[in-house]
Amino acid sequence: MSDAPILLGRDTDYPQRYSPEVLFPITRHEGREALGLAGGPLPFHGVDLWTHYEVSWLDFGGKPRVAIAEIRVPASSPCLIESKSMKLYFNSLNFERFGSAADFLTVVMRDLSGAAGAPVDVELLRHDAGADSFAAMPGECLDELPVECSEFQVNPALLQADDRRVVSETLHSHLLRSCCPVTHQPDWASLMIAYQGPVLDRKGLLAYLVSYRNQSDFHEQCVERIFMDIRNRCGPTQLTVYARYTRRGGLDINPWRSTEMAVPPRLRQARQ
């Protein structure tokens, strides 16, 4: 983690020239240590799938180019990248000249990989390509279940499973709310849970997700906590947890954790 103060919640000047030094890595170790994940192999595969809607640079003639960037930070990287520093970094490229989009990508992937401590992949999407159109969350929605919710701090004991029935199903909810651990501002997300194993009690699962309402954690840490709580309490043989958070400052962060090696689908939600 950088020795500089974290940028979230602070008044900062936007750099006018290329400034890779503003990228602020945050070690994953502390959050994972709290989940009992420090010092051993991770029980999941995963990626933090960022979408940046405000990417721009200049060509050699000074003409602006714009794109949407899809950024994939591997969950195995030692660090995540603080979101405001990501925004400041990309803004520092707004007046830099590049011969091609490929040249721009070379610089960006080098800098982001250096901050994360592992190879970061970046793909540029055209605004008119249709790749960012809205998609429905797969599976059944839990949100209309008649559940009384009284716990707004994370409580894994709300999770229950019946091992007399083994199922393979996909569920989702749009009710996930957590809080930024630095600014304490609310973060909103739609969450997909796909699993195979003892059938989850749906009311308990929904109440558990609602219990994140005052949880102070980064997006990536919330998804890993949800994954581990379901894994530890309910014993699925396969499990995928995928959150699509609403954007802030032109960026959305969408952590995906799974027992399976796969590529998370683009599931841009209407709130994104």
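Quick one: dipole size for the range 20-125, taken about the Cα centre, charges +1 on Lys/Arg Cβ and -1 on Asp/Glu Cβ, in debye to the nearest 20.
With Lys and Arg at +1 and Asp and Glu at -1, about 80 debye.
Cα-based Rg of the chain per 2.2 N^0.38 Å, rounded to two decimals?
This ratio for the chain stands at 1.04.
Counting pairs of alpha carbon atoms under 8 Å apart in space and at least six apart in sequence, what relative contact order in percent does the chain give?
Relative contact order of the chain: 21 percent.
Can you list the lysines whose alpha carbon sits under 27 Å from that of Lys63, skipping same-chain ones fewer than 8 residues off?
Cα-Cα hits under 27 Å: Lys84, Lys87.
Beta carbons within 10 angstrom, averaged per residue: use that to sort the peptides 57-68, 28-39, highest first.
28-39, 57-68
In the calculated pair distance distribution of the range 58-126, what percentage of Cα-Cα distances lie above 18 Å?
It works out to 37 percent of all Cα pairs.
Mean residue ellipticity at 222 nm from the helices of the chain, using -39,500 (n - 2.57) per DSSP H segment of n ≥ 4 over the full residue count, to the nearest 500 deg cm²/dmol?
Value at 222 nm, helices only: -6000 deg cm²/dmol.
Could you give the dipole magnitude of the range 140-258 about its Cα centre, charging the beta-carbon of Lys and Arg +1 and that of Asp and Glu -1, in debye to the nearest 20?
160 debye
Using unit Cβ charges (K, R positive; D, E negative) and no other charged atoms, how large, in debye to the nearest 20, is the dipole of the chain about its Cα centre?
The dipole of the chain has a size of about 200 debye.
If packing is taken as the mean number of other Cβ atoms within 10 Å per residue, what is the order of 76-87, 107-118, highest first?
76-87, 107-118
Of the listed peptides 142-152, 200-210, what is their order by residue-averaged count of other C-beta atoms within 10 Å, with the highest listed first?
Those peptides, ordered most packed to least, come out 200-210, 142-152.
Of all alpha-carbon pairs in the range 102-242, indicate the percentage at a distance above 24 angstrom.
Percent of Cα pairs beyond 24 Å in the range 102-242: 44.
Each reported figure results from applying straightforward, stated rules to the coordinates on display, with no laboratory input. For clarity, every value in this text was computed on a predicted model and none was experimentally measured. Note that we place each Cβ from the backbone using ideal geometry, even for glycine, and neighbour counts take in every protein chain shown.
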